[in-house]
Amino acid sequence: VFACVNIAYAAQLESSPEAFTLFGDQHMSMRAVDKIKTSYAAGSDLEYNVLTVSFGVKTVDRNAAPGINQWKPHEFYGKVVYDDAFDLSRPAEQQFLREFCQKLRDMPCPTKGCLPSGSLLLPGSDALSCFIEEFDAWNGNVTYAGDQFLDRLEKFRNATRPSSVIGMRTDWAKTIGLVGGKVKYVQVRAKMSLKQQRGTNIKGPILKQLMSFIDEEKSRAPAGLKTIVQSVPYDWIWIETNEALISSLFNGFAIGFPIAFVIVLISTRNVFISLLAIITVVFIVANVLGYCKMAGWYLGPGECVAGIIVIGLAVDYTIHLGHAYLEGAHGGLRGRLHRWEYALNSMGQTVIAGAATTIFAAFVMQFCQITFFNQMSTLICLTVTYSIIYTLGCFMGILRLLNPGQLEKGNIEVWIAFCRSRWLQK
């Protein structure tokens, strides 16, 4: 019953509303970050994500020379590939960019991550840095085209500064991208109402809405502005990372349980005991994940990793005791009590000693400052504790009640002999 209750709790686990942090709230590095955000006038701006929308950037060639060094990835990120069709000198492209900025400014966002503003961007005129609007004001709202527009744009780029400083951009150097004397790309930057370090279930719907908006704008964009990409450093990356972790958890279950069953089957050479052992392991995993839900934890990196390694830790004890139980038959023990006692006497102390050393080894990590190790310590201790309880109490209890003669019908040799006889009859 207890295992079934924990299965119900484990089924309710979901991704965290906050992003994974390496240290606890009281660690000096986390307190320093909090101090920067709360103790200075400009600190509150650092809480919010900065959205960058680029026009004219086609892709990044990661295979270009000299290549990315996995040990020093900061030295070379790849070569930017620009869209040859990009052209902002025509009036149609300029008008599209003006409309794009206005749409982005007015874009509603009813999801939880955008509250309380209810819009994608923060309220206020300084939440969006759209160079084309400031360029128009600088030109006295006179529209230019062709080479004249490009000449005026370069003068504007060198002579003025953005009225809204977003993401520490104090000039137009990276917003209006001059490469080889030509305008190769332009950017629009904005302060989102989405705070940094939010969880996937908070950020995911916002990213989905934003991508839908970008795709819609691409479909109506003129030929010179068809290439539109958006980026939010760090936070968007963690969406993919967290989804991959959760996916790996279920992939681990799909791979781990069958492999564990095969290993137990090879060790015990008995189908019935192998099935009983795997059911015991399922209960152990469910209890550990159920504790995570009751403790207020979420499916973060620690829980996803632990959910997989729990299978390997939990199956250990059932293998030893199940093998010892069947080994008693080779010593002439036929009664259920004698074989049960033989298994406990021969392997019980070893199993308990192994559990004790694992718990003490994991307990040391409780004193670590990195939260991942604290969680792993708790989860390993829980895994071993539940493994002992369910192996000695549930697994061995059922073996005590079952008739050894019935269990021997599950021996692989019996099944092989049965299949061989049926095949020979044909």
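Just so it is clear, none of the values below were taken in a lab; they were calculated from the coordinates. Everything quoted here is computed from the prediction, not taken from an experiment. Every residue, glycine as well, gets a Cβ built from its backbone with ideal geometry; the counts of neighbours run over all protein chains shown.
Tabulated results
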{"quantity": "Helix 349-363 axis, angle to the chain major axis (alpha carbon atoms, nearest 10°)", "calculated": "20 degrees"}
{"quantity": "In degrees, nearest ten, helix 146-159 long axis to first principal axis of the chain (Cα)", "calculated": "80 degrees"}
{"quantity": "Two-site FRET efficiency, M294 against S125, from Cβ-Cβ distance with R₀ of 41 Å, rounded to 0.05", "calculated": "0.30"}
{"quantity": "Most mobile listed residue (L120, L275, L321) in the chain, GNM with C-alpha springs under 10 Å", "calculated": "L275"}
{"quantity": "The chain: Cys lacking any partner C-beta under 4.7 angstrom", "calculated": "C4, C292, C304, C368, C381, C394, C419"}
{"quantity": "K72-F2 FRET efficiency (beta carbon distance; Förster radius 56 Å; 0.05 resolution)", "calculated": "0.65"}
{"quantity": "Angle between the chain longest axis and helix 235-268 axis [Cα atoms, degrees, rounded to 10]", "calculated": "20 degrees"}
{"quantity": "Helical contribution to [θ] at 222 nm, DSSP H n ≥ 4, -39,500 (n - 2.57), averaged over the chain, rounded to 500", "calculated": "-18000 deg cm²/dmol"}
{"quantity": "Percent RCO, i.e. relative contact order, over the chain, from Cα pairs under 8 Å lying at least 6 residues apart", "calculated": "21 percent"}
{"quantity": "Selected from E99, E327, E413 as most flexible by GNM, with the chain as the system and alpha-carbon contacts under 10 Å", "calculated": "E413"}
{"quantity": "Two-site FRET efficiency, V142 against I237, from Cβ-Cβ distance with R₀ of 35 Å, rounded to 0.05", "calculated": "0.25"}
{"quantity": "Placed amide H near G199: partners under 5 Å, 5+ positions off or other chain", "calculated": "E18, A19"}
{"quantity": "Of K58/K208; K103/K203; K72/K218, those spanning more than 24 Å from alpha-carbon to alpha-carbon", "calculated": "K72/K218"}
{"quantity": "Unit charges on C-beta of K, R, D, E only; dipole of the chain, Debye", "calculated": "820 debye"}
{"quantity": "Length-normalised contact order of region 240-425 in % [C-alpha pairs under 8 Å, at least 6 apart]", "calculated": "29 percent"}
{"quantity": "Whole-angstrom gap from region 247-263 to region 325-392, using each part's C-alpha centre", "calculated": "21 Å"}
{"quantity": "Chain lengthening between K409 and I279 when straightened (0.36 nm per residue, less Cα-Cα)", "calculated": "44.9 nm"}
{"quantity": "Net length gained if the chain between V179 and I259 were fully extended (0.36 nm per residue, minus Cα distance)", "calculated": "23.3 nm"}
